[in-house]
Each structure stands twice: as structure tokens, then as C-alpha cells.
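Any read-out appearing in this document is the output of simple, stated calculations on the displayed coordinates, not a laboratory observation. The shown structure was predicted, so the numbers you read here are calculated from the model rather than taken from an experiment. FYI the Cβ positions are ideal-geometry reconstructions off the backbone, even for glycines, and counts take in every protein chain you see.
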Amino acid sequence: MYRVKSCLLASLCLCASPVLALQTDREQPIHLQADRVEINEKQATSLYQGNVHLQQGSLKIDAEEVSVQMRGGKLDVIVIRGKPAILEQLPDNQNDLVRSRAEYMEYYAAQERLLLQTNAQVTQGNNLFQGDHIEYDTLNSVVKAHKDPGSDSRVHAIIQPNEKKDSKPAVDKPKP
């Protein structure tokens, strides 16, 4: 039973690692707090409810509810709910946290796909991407966003220009 509980809990932390990819996060201890925890070994599920806070390295999840489903001993689906739920992590070789917010998130491990629904927003530094529905295919590095049917809202993005790497000020040459 201890092995199953450890496996379910550890699988929870794998949800964002492929999405945001700070490699050292997987090597860090998992800290989890919730008002209630329910683990069903036969169904290979775990449910964390009530002011859920999870941290593993730079990965942080704050939500009202997090459920984890395993299949064949491997992580299958993670569902995160909140008003809003927040998932953040520092990517490898980056200085700015990636922060995802939505009332509902699903992570499909086999496809490495993160879905954000209802007031979805992803920010990194000054870049912003928001809409009713955002899908991030991490395997193929593809982001799709759209409004919900019947919604008056539109997809909104703010993308900052890349900084020039060779932005040295011009130096006047001395006159002969």
C-alpha cells in the first residue's frame, strides 16, 4: 500500500515537469498540503481536496482540488480545479517563471498536453496569452487558443520583442 500511495503522490508532481521542464524539479522532495486526501488503490486514483498546495522545486500548484489517474502503473491524467487554480514553474535556461491560471486544467501525460479552460491565462515575464480555452502541446511546442461557443471574449496575446544580443552602444572613433 505504501508503494501505491508513493507512486500516486509522485505522479502528481510529474504533471508540469514535461510542460515547463526544469529538470532538477523532479529530484526535489514533494511537499503537499490539503484538507482531505483520498487514495483508491483499486482504481489507481488519488484525490486531494481543499486548499491544495503542492511544491516540488520550482513547481508550485495551488488549487481547490487535484485528482490523479494512473494507467498501467504510469501517470495518465491529472485534473486541477480552482477559482482560479495556479500552476507555475521555472523552465530550464529561463529567468522568468511560467505561470498558468484557469478554473480547470487537464494534463495528459502520454500526449504531453496541457488544457486550460475557463478564464485561462499563461504568462512568462511580460508575455501574456489568455482566452477561454488554451491547449499546449508540449511534445510538438504548439499552443492553440480559442473562445468558448457563445462567448463574446476573444483570444488576447502580448508578446514582447526579443532583446538584441549585440546591443552595444556605438562608440565614436578618435579623430586622427
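Key figures
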quantity: Contact order relative to length of segment 77-132, as percent, for alpha carbon pairs under 8 angstrom and 6 or more apart; calculated: 30 percent
quantity: Simple Cβ-charge dipole of segment 2-158, Lys/Arg +1 and Asp/Glu -1, about Cα centre, in debye nearest 20; calculated: 260 debye
quantity: Amide proton proximity set for D76, modelled H, under 5 Å, gap of 5+; calculated: Q69, M70, R71
quantity: Options Q69, L115, G57, ranked by Cα towards positive dipole end of segment 2-158, top entry (Cβ charges); calculated: Q69
quantity: Residue-by-residue Karplus 3J(HN,Hα) for segment 135-147, coefficients 6.51, -1.76, 1.60, Hz, glycine and proline x; calculated: 10, 10, 8, 6, 5, 10, 6, 10, 10, 10, 9, 7, 8
quantity: Residue (of I86, Q124, V98) at the positive-pole extreme of segment 72-163, dipole from beta-carbon charges; calculated: I86
quantity: Inverse mean reciprocal Cα-Cα distance (Kirkwood Rh) of segment 2-158, Å; calculated: 15.8 Å
